[in-house]
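To start, the structure under review is shown below, and the notes come after it.
The values are calculated or read from the model by the stated rules, or taken from the named source; none is laboratory data. Not measured: the values here are computed from a predicted model. Every residue, glycine among them, receives a Cβ derived from its backbone with ideal geometry; neighbour counts consider all protein chains shown.
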Amino acid sequence: MEADEWLCDPAAEDLGEELLKLHRSLQACNVDLLHCLVRSPSEHGSHLRRLNQIVRNMASLLHSLRAREARALVLQSLRKQVSRKRSFAEAARASLPRMEARLARAMRSGDAGGEDDESEGEEPAAAPPPAPGSEPSSSEEGDDFDSALLGLKQPRLG
(Lines give C-alpha, C1' and ligand atoms only; values in the text may rest on other atoms or scores of the structure.)
Protein backbone atom coordinates (compact mmCIF):
# COMPACT_ATOMS: atom_id res chain seq x y z
CA MET A 1 0.00 0.00 0.00
CA GLU A 2 1.06 3.56 -0.61
CA ALA A 3 1.91 5.68 2.42
CA ASP A 4 -1.00 8.07 1.81
CA GLU A 5 -3.52 5.19 1.73
CA TRP A 6 -2.85 4.06 5.30
CA LEU A 7 -5.51 4.95 7.84
CA CYS A 8 -3.32 3.70 10.71
CA ASP A 9 0.34 3.41 11.62
CA PRO A 10 1.71 0.14 10.15
CA ALA A 11 5.02 0.66 12.01
CA ALA A 12 3.35 0.92 15.43
CA GLU A 13 4.65 -1.31 18.19
CA ASP A 14 1.17 -2.67 18.98
CA LEU A 15 -0.50 -3.51 15.68
CA GLY A 16 -3.39 -5.10 17.58
CA GLU A 17 -4.45 -1.65 18.77
CA GLU A 18 -4.21 -0.32 15.22
CA LEU A 19 -6.34 -3.22 14.02
CA LEU A 20 -8.97 -2.43 16.66
CA LYS A 21 -9.06 1.19 15.48
CA LEU A 22 -9.61 0.00 11.92
CA HIS A 23 -12.33 -2.37 13.09
CA ARG A 24 -14.16 0.49 14.81
CA SER A 25 -13.81 2.55 11.62
CA LEU A 26 -15.18 -0.38 9.61
CA GLN A 27 -18.21 -0.63 11.89
CA ALA A 28 -18.86 3.11 11.66
CA CYS A 29 -18.43 3.03 7.88
CA ASN A 30 -20.96 0.19 7.59
CA VAL A 31 -23.49 2.15 9.64
CA ASP A 32 -22.87 5.26 7.49
CA LEU A 33 -23.34 3.20 4.32
CA LEU A 34 -26.65 1.80 5.60
CA HIS A 35 -27.87 5.31 6.49
CA CYS A 36 -26.79 6.51 3.04
CA LEU A 37 -28.65 3.67 1.31
CA VAL A 38 -31.82 4.54 3.25
CA ARG A 39 -31.68 8.33 2.83
CA SER A 40 -29.91 8.95 -0.49
CA PRO A 41 -28.94 5.79 -2.39
CA SER A 42 -27.24 7.76 -5.16
CA GLU A 43 -24.40 8.80 -2.80
CA HIS A 44 -23.39 5.25 -1.91
CA GLY A 45 -20.25 5.33 -4.12
CA SER A 46 -18.17 7.46 -1.75
CA HIS A 47 -19.19 5.28 1.20
CA LEU A 48 -18.22 2.14 -0.71
CA ARG A 49 -14.83 3.64 -1.59
CA ARG A 50 -14.23 4.47 2.07
CA LEU A 51 -15.32 0.94 3.09
CA ASN A 52 -13.00 -0.57 0.47
CA GLN A 53 -10.08 1.53 1.75
CA ILE A 54 -10.66 0.33 5.32
CA VAL A 55 -10.84 -3.31 4.19
CA ARG A 56 -7.59 -2.94 2.20
CA ASN A 57 -5.92 -1.37 5.25
CA MET A 58 -7.07 -4.25 7.44
CA ALA A 59 -5.79 -6.83 4.96
CA SER A 60 -2.39 -5.11 4.73
CA LEU A 61 -2.18 -4.79 8.49
CA LEU A 62 -3.00 -8.48 8.94
CA HIS A 63 -0.26 -9.31 6.44
CA SER A 64 2.20 -7.29 8.54
CA LEU A 65 1.00 -9.08 11.67
CA ARG A 66 1.66 -12.48 10.05
CA ALA A 67 5.27 -11.51 9.34
CA ARG A 68 5.75 -10.35 12.94
CA GLU A 69 4.15 -13.52 14.25
CA ALA A 70 6.45 -15.67 12.13
CA ARG A 71 9.51 -13.87 13.52
CA ALA A 72 8.20 -14.28 17.07
CA LEU A 73 7.60 -18.01 16.55
CA VAL A 74 11.12 -18.50 15.18
CA LEU A 75 12.56 -16.68 18.21
CA GLN A 76 10.45 -18.78 20.56
CA SER A 77 11.61 -21.98 18.88
CA LEU A 78 15.25 -20.89 19.07
CA ARG A 79 14.90 -20.04 22.77
CA LYS A 80 13.46 -23.50 23.45
CA GLN A 81 16.35 -25.11 21.54
CA VAL A 82 18.89 -23.11 23.54
CA SER A 83 17.17 -24.13 26.77
CA ARG A 84 17.17 -27.82 25.81
CA LYS A 85 20.82 -27.68 24.76
CA ARG A 86 21.82 -25.92 27.99
CA SER A 87 19.97 -28.59 29.99
CA PHE A 88 21.75 -31.29 28.01
CA ALA A 89 25.14 -29.65 28.55
CA GLU A 90 24.46 -29.30 32.28
CA ALA A 91 23.45 -32.97 32.54
CA ALA A 92 26.55 -33.99 30.59
CA ARG A 93 28.80 -31.86 32.81
CA ALA A 94 27.19 -33.30 35.95
CA SER A 95 27.63 -36.91 34.83
CA LEU A 96 31.12 -36.53 33.36
CA PRO A 97 33.11 -37.23 36.58
CA ARG A 98 31.03 -40.32 37.30
CA MET A 99 31.46 -41.60 33.75
CA GLU A 100 35.21 -40.92 33.80
CA ALA A 101 35.51 -42.92 37.04
CA ARG A 102 33.46 -45.70 35.50
CA LEU A 103 35.72 -45.71 32.45
CA ALA A 104 38.84 -45.80 34.64
CA ARG A 105 37.46 -48.79 36.59
CA ALA A 106 36.62 -50.54 33.34
CA MET A 107 40.10 -49.86 31.96
CA ARG A 108 41.74 -51.21 35.14
CA SER A 109 39.63 -54.36 35.13
CA GLY A 110 40.30 -54.89 31.42
CA ASP A 111 36.60 -54.85 30.56
CA ALA A 112 36.45 -53.19 27.15
CA GLY A 113 32.64 -53.24 27.18
CA GLY A 114 32.59 -50.61 29.90
CA GLU A 115 30.28 -52.55 32.22
CA ASP A 116 31.02 -52.44 35.93
CA ASP A 117 31.82 -55.64 37.80
CA GLU A 118 28.68 -56.35 39.82
CA SER A 119 30.78 -58.03 42.55
CA GLU A 120 32.20 -54.66 43.66
CA GLY A 121 28.96 -53.99 45.51
CA GLU A 122 28.16 -50.89 43.48
CA GLU A 123 25.15 -50.53 41.31
CA PRO A 124 25.77 -49.30 37.79
CA ALA A 125 25.40 -45.54 37.56
CA ALA A 126 22.11 -44.47 36.07
CA ALA A 127 22.17 -42.13 33.13
CA PRO A 128 20.76 -38.68 33.88
CA PRO A 129 17.28 -38.01 32.55
CA PRO A 130 17.06 -36.58 29.05
CA ALA A 131 16.78 -32.84 28.72
CA PRO A 132 13.18 -31.59 28.86
CA GLY A 133 11.62 -31.46 25.42
CA SER A 134 14.35 -33.50 23.78
CA GLU A 135 13.40 -36.54 21.79
CA PRO A 136 15.27 -39.76 22.49
CA SER A 137 17.26 -41.15 19.60
CA SER A 138 18.63 -44.63 19.12
CA SER A 139 22.29 -45.52 18.63
CA GLU A 140 21.48 -46.57 15.06
CA GLU A 141 20.73 -42.92 14.29
CA GLY A 142 24.38 -41.89 14.56
CA ASP A 143 25.13 -41.11 18.22
CA ASP A 144 28.86 -40.76 18.58
CA PHE A 145 31.06 -42.76 20.96
CA ASP A 146 31.29 -39.94 23.52
CA SER A 147 27.52 -39.66 23.83
CA ALA A 148 27.18 -43.42 24.15
CA LEU A 149 29.93 -43.44 26.79
CA LEU A 150 28.18 -40.74 28.78
CA GLY A 151 24.90 -42.58 28.55
CA LEU A 152 23.35 -39.44 27.11
CA LYS A 153 21.77 -38.76 23.80
CA GLN A 154 22.22 -35.51 21.97
CA PRO A 155 18.97 -33.57 21.50
CA ARG A 156 17.79 -33.31 17.94
CA LEU A 157 17.93 -30.00 16.20
CA GLY A 158 14.65 -28.58 15.11
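With the checklist (1) surrounded by 12 or more Cβ atoms within 10 Å (Cβ to Cβ); (2) modelled with pLDDT of 90 or more in hand, flag the one item LEU15 doesn't pass.
(2)
Yes/no per residue for (1) more than 25 Å from the chain's Cα centre (by Cα); (2) in a helix (DSSP H, G or I):
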position: ASP4; (1), (2): yes, yes
position: LEU7; (1), (2): yes, no
position: LEU20; (1), (2): yes, yes
position: ASP32; (1), (2): yes, yes
position: CYS36; (1), (2): yes, yes
position: HIS44; (1), (2): yes, yes
position: HIS47; (1), (2): yes, yes
position: ARG50; (1), (2): yes, yes
position: HIS63; (1), (2): no, yes
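Looking for whichever is part of a helix (DSSP H, G or I), over 17 Å from the mean Cα position of the chain (by Cα) and of a type in the set (D, E, K, R) here; the options are GLU69, GLU90. Which one fits?
GLU90
Quick one: is LEU61 under 29 Å from ASP4 (Cβ atoms), surrounded by 10 or more Cβ atoms within 10 Å (Cβ to Cβ) and touching a Pro at 6+ places or on another chain (Cβ under 7 Å)?
Judged against the criteria, LEU61 is a match.
Report, ordered by the first and then the second residue, all pairs with beta carbons closer than 8 Å, sequence separation of six or more or different chains, a first member in the stretch 68-83 that is within 23 Å of PRO10 (Cβ to Cβ), and a second member that is modelled with pLDDT under 95.
ARG68/LEU15
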